[in-house]
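Every number here is computed from the coordinates shown, using simple stated rules; none is lab data. A quick note: this is a predicted structure, and the numbers were derived from the prediction, not measured. All Cβ positions, glycine included, derive from the backbone under ideal geometry; neighbour counts span all protein chains shown.
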Amino acid sequence: MISKKVSKALNEQINKEEFSSRLYLAMASWCQLNGYQGASDFLYTQSDEERMHMLKLVHYLTDRGGAVQYASMGPVPATGYKTLSDVFRKVLAHEEMISASINSLYGICNAEEDYTTAHYLQWYINEQIEEESTARGILDKITLAGDQKGGLFMIDKELSAINLAKKAAAGTGTTPAT
Ligand code: FEO
């Protein structure tokens, strides 16, 4: 059985992961509307990954006898993006917030002596290293390109390739219909 504190913290994380999925959907839509098809495909895939992050925690909590409580969610706040750089700055900031949240959850598990959940969270800790590094790498490239359309076009193509490689590695085939 899982403690109330750990259950509460897991539920909070479940809701953050769901919010992440919705946030990246909003970003994907903005990118598509603004001509960045590669970035859009990348963010749609990212949104699916966040839902998978949420589902893993839902199954884990339920398997341990905890009740899942879905919070009501308001509208995704930031849809008025200005540039592609703006989008990925916000992706990085969001991932940094999620990393801090996972670390805090890990701390609660240890304080509660729930080493099983702490061990389970190791996957998320490793995943956050990759998520932050990917977002930072993309942002660096966009910053190097500045406002040059040619550079942004190439970055968008690269995001398309990254997305396809990710989907191939995950065995999920082509990008979702856009
Ligand atoms: Fe589920 Fe991107 O953190």
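Quick check: is even one residue across the stretch 42-59 surrounded by 14 or more Cβ atoms within 10 Å (Cβ to Cβ) and more than 21 Å from ILE98 (Cβ to Cβ)?
no
Take TYR44 and decide whether it is within 15 Å of the ligand (Cβ to nearest atom), closer than 26 Å to LYS149 by Cα and part of a helix (DSSP H, G or I).
Here the answer is yes, as TYR44 does meet what is asked.
Need pairs with beta-carbon distance below 7 Å; first residue touching a residue at least 40 places away in the same chain (Cβ under 8 Å) and under 14 Å from GLN128 (Cβ atoms) and within the stretch 47-58, second near the ligand (Cβ under 10 Å from one of its atoms) and not basic (Lys, Arg); sequence gap 6+ or separate chains.
HIS53/GLU17; LEU57/GLN13; LEU57/GLU17
Just name the residue that is farthest from the ligand (Cβ to nearest atom) out of those in the stretch 10-40 that are aliphatic (A, V, I, L, M), surrounded by fewer than 21 Cβ atoms within 10 Å (Cβ to Cβ) and over 12 Å from the mean Cα position of the chain (by Cα).
Out of the qualifying residues, it is LEU33.
I need a count of the residues in the stretch 1-22 that are part of a helix (DSSP H, G or I) and either under 12 Å from GLU112 (Cα atoms) or of a type in the set (Asp, Glu) (or both).
Summing the residues that are part of a helix (DSSP H, G or I) and either under 12 Å from GLU112 (Cα atoms) or of a type in the set (Asp, Glu) (or both) in the stretch 1-22 gives 8.
Can you tell me how many residues in the stretch 43-73 are over 17 Å from the mean Cα position of the chain (by Cα) and within 12 Å of LEU23 (Cβ to Cβ)?
Residues meeting the conditions: 0.
ASP114 passes all but one of (1) more than 16 Å from ASP156 (Cα to Cα); (2) of a type in the set (Asp, Glu); (3) surrounded by fewer than 18 Cβ atoms within 10 Å (Cβ to Cβ); (4) more than 16 Å from the ligand (Cβ to nearest atom); which number fails?
(3)
Do you know which residues across the stretch 67-107 are within 13 Å of the ligand (Cβ to nearest atom) and of a type in the set (S, T, N, Q)?
Matches in the stretch 67-107: SER99, SER101, ASN103.
Tell me the residue from VAL87, VAL76 that is more than 30 Å from SER3 (Cβ to Cβ), assigned to a loop (DSSP other than H, G, I, E, B) and aliphatic (A, V, I, L, M), please.
VAL76
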